[in-house]
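Pasting a structure below so you can have a look.
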2 protein chains.
Amino acid sequence: MKVLVVGANGQIGQHVVKQLQSSDEHTVRAMVRKEEQAEELKKKGIDAVIANLEGNKKSIVKAAKGCEAVVFTAGSGGKTGPDKTLLVDLDGAVKTIEAAEEAGVDRYVMVSALQANNRENWNEKIRHYYVAKHYADRMLQASNLNYTIVRPGGLLNEPGTGKVNISENMEERGAVPRQDVASTVVAALPEENTYKRAFDLISGDKTIAESLKNL
Amino acid sequence: MKVLVVGANGQIGQHVVKQLQSSDEHTVRAMVRKEEQAEELKKKGIDAVIANLEGNKKSIVKAAKGCEAVVFTAGSGGKTGPDKTLLVDLDGAVKTIEAAEEAGVDRYVMVSALQANNRENWNEKIRHYYVAKHYADRMLQASNLNYTIVRPGGLLNEPGTGKVNISENMEERGAVPRQDVASTVVAALPEENTYKRAFDLISGDKTIAESLKNL
């Protein structure tokens, strides 16, 4: 599969790009916002395109053309205000969903947030962030794409363990290394059992492959 | 029709409540956020309920029970930040859509904003507001309700003229008195020609009734 990674320069995105690049099954196209980011990637032999989630949808459609899947792992980040949350995490995400549809890309994996589906469990301090993720997910579910929504718990920078706990509605809270989130996204890409499904993800004791098959 | 007005204390909401209250066809239930607002309304003989768009959906479902229509004309207002835009104008609005469905209310009229459907025409300075309105509207369109989405241009406080220009995709920009927005909402309520439709609204030269029939 040729995979467009949206947010390729982000902390999860970098893992996803690396894993796709070293995979035998996939090739990667990294979508980034800045010229210098694209240059860095090209130096490493990675196909890179420049497109801005706050800009015109056409450039995203162009980036998606010729790909077979889109992975969305962009985020406005903690440094910007709630206006950027609306523009990037919600409207930007939906532009990529529409772009996938318009470019004829059928497969879409969204990196969301633990329990973004469930208002009762939103962190009060960043409630606006959950609203943005919630509606981006719902717009994806209303699309015609073969989507998978991965909702990880607290994101850690420590190395991945390859062992996770996956559930459509996780009762417990937990954390997970970004590397394992990336591995789950990449493993989910060809896994038809995850099509039109959404799940919470934290660290656990089962392999990623087994967890996705038993979803 | 018994109509729940969400945002009954707002500038358009007050007009809607007044018009429904003096109508022979309708009765009104005003939904407000504060106890003192409810007391004020009750003194005028208006049925009022307290529910918070940022709170639990259950209180909104309770408010909607026994009504035959919901009018949404709440807004976080210009004084609050984009975080409230997400929480009130988007998530709050969608809670009322879900509440209508859960309470068995079939008819829903949304007050949106001119060209909220069209990213190309969003005011750059309040782009986050358009994002919130856009997705609230799209969630309503994805619901099973008999909805009407009214997208007024610049809102004026001068008295209404009763003459408007209505179009599913308005090429021109324009303004409209809040009183005329309210009159259009009230006139649309029983007008089946407006079910599952969305339109822009500015001042014009045709009567509201005629404009809605010719939509």
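The values are calculated or read from the model by the stated rules, or taken from the named source; none is laboratory data. Here the structure is a predicted model, which means the values were calculated and not measured. All Cβ positions, even for glycine, are placed from backbone atoms using ideal geometry, and neighbour counts span all protein chains on display. Just the protein is used for accessible areas: all its heavy atoms, side chains included, with ligands, DNA and RNA removed. Shrake-Rupley method; radii C 1.70, N 1.55, O 1.52, S 1.80 Å.
Those residues that are buried (at least 23 other Cβ atoms within 10 Å of the Cβ) and within 16 Å of residue A:3 (Cα to Cα), I need them from segment A:172-185; list them, please. First the steps, then the outcome.
In the first step, residues of segment A:172-185 are kept if they are buried (at least 23 other Cβ atoms within 10 Å of the Cβ); the result is A:176, A:178, A:180-182, A:184-185.
Across segment A:172-185, the qualifying residues are A:182, A:184, A:185.
Quick check on my filter: what residues within segment A:49-74 are small (Gly, Ala, Ser), in contact (Cβ under 8 Å) with a residue 12 or more places away in the chain and surrounded by fewer than 16 Cβ atoms within 10 Å (Cβ to Cβ)? Explain how you work it out, then say what you get.
Taking segment A:49-74 first, the residues small (Gly, Ala, Ser) are A:51, A:55, A:59, A:63-64, A:66, A:69, A:74.
So of that shortlist, the ones also in contact (Cβ under 8 Å) with a residue 12 or more places away in the chain come out as A:51, A:63-64, A:66, A:69, A:74.
Passing the criteria: only A:66.
If you don't mind, another one. Could you tell me which of the residues B:43, B:18, B:58 is within 26 Å of residue B:195 (Cβ to Cβ) and either within 14 Å of chain A (Cβ to nearest Cβ) or not aliphatic (A, V, I, L, M) (or both)?
Values: B:43 fails: within 26 Å of residue B:195 (Cβ to Cβ); B:58 fails: within 26 Å of residue B:195 (Cβ to Cβ).
Just a single option satisfies the conditions, and that option is B:18.
Sticking with this structure for a sec: Among (1) within 14 Å of chain A (Cβ to nearest Cβ); (2) surrounded by 24 or more Cβ atoms within 10 Å (Cβ to Cβ), there is one condition residue B:119 misses while meeting the rest; what is its number?
Every listed condition holds for residue B:119 apart from (2).
While we're here: Given (1) more than 12 Å from residue B:111 (Cβ to Cβ); (2) surrounded by fewer than 23 Cβ atoms within 10 Å (Cβ to Cβ); (3) aliphatic (A, V, I, L, M), identify the lone condition not met by residue B:164.
Result: residue B:164 fails condition (2) only.
Does at least one position in segment A:127-138 carry a residue that is open to solvent by 30 Å² or more (accessible area, probe 1.4 Å), part of a helix (DSSP H, G or I), at pLDDT 95 or above and facing chain B (nearest Cβ under 8 Å)?
Taking every residue of segment A:127-138 in turn, at least one turns out to be open to solvent by 30 Å² or more (accessible area, probe 1.4 Å), part of a helix (DSSP H, G or I), at pLDDT 95 or above and facing chain B (nearest Cβ under 8 Å).
Here is a further query. Is it the case that some residue within segment B:202-213 is in contact with a helix residue (DSSP H, G or I) (Cβ under 9 Å, 6 or more places away or on another chain), open to solvent by 20 Å² or more (accessible area, probe 1.4 Å) and free of Cβ contacts under 8 Å to residues at least 40 places away in the same chain?
Yes, there is a match, as at least one residue in segment B:202-213 is in contact with a helix residue (DSSP H, G or I) (Cβ under 9 Å, 6 or more places away or on another chain), open to solvent by 20 Å² or more (accessible area, probe 1.4 Å) and free of Cβ contacts under 8 Å to residues at least 40 places away in the same chain.
Kindly check whether there is at least one residue in segment B:141-160 that is within 11 Å of chain A (Cβ to nearest Cβ), in contact with an Asp or Glu (Cβ under 9 Å, 6 or more places away or on another chain), modelled with pLDDT of 95 or more and closer than 20 Å to residue A:132 by Cα. Full working, then the answer.
In the first step, residues of segment B:141-160 are kept if they are within 11 Å of chain A (Cβ to nearest Cβ); the result is B:141-143.
Checking the rest, the ones that are also in contact with an Asp or Glu (Cβ under 9 Å, 6 or more places away or on another chain) come to B:143.
Remaining after also requiring modelled with pLDDT of 95 or more: B:143.
Subsequent filtering for residues that are closer than 20 Å to residue A:132 by Cα retains B:143.
Yes, because at least one residue in segment B:141-160 is within 11 Å of chain A (Cβ to nearest Cβ), in contact with an Asp or Glu (Cβ under 9 Å, 6 or more places away or on another chain), modelled with pLDDT of 95 or more and closer than 20 Å to residue A:132 by Cα.
Output yes when any residue across segment A:41-48 is of a type in the set (Val, Ile, Thr) and open to solvent by 20 Å² or more (accessible area, probe 1.4 Å), and no when none is. Give the steps one after another, and end with the answer.
Filtering segment A:41-48 down to residues of a type in the set (Val, Ile, Thr) leaves A:46.
Keeping just the survivors that are open to solvent by 20 Å² or more (accessible area, probe 1.4 Å) gives none.
Within segment A:41-48, none of the residues are of a type in the set (Val, Ile, Thr) and open to solvent by 20 Å² or more (accessible area, probe 1.4 Å).
Only one of these is modelled with pLDDT of 95 or more, hydroxyl-bearing (Ser, Thr, Tyr) and within 23 Å of residue A:133 (Cα to Cα): B:85, B:96, B:73. Name it. Break it down into steps so the answer makes sense when it comes.
Working: B:85 fails: modelled with pLDDT of 95 or more; B:73 fails: within 23 Å of residue A:133 (Cα to Cα).
After applying the criteria, what remains is B:96.
Let me ask another. For segment B:75-116, how many residues meet the condition of being of a type in the set (Val, Ile, Thr) and open to solvent by 30 Å² or more (accessible area, probe 1.4 Å)?
1
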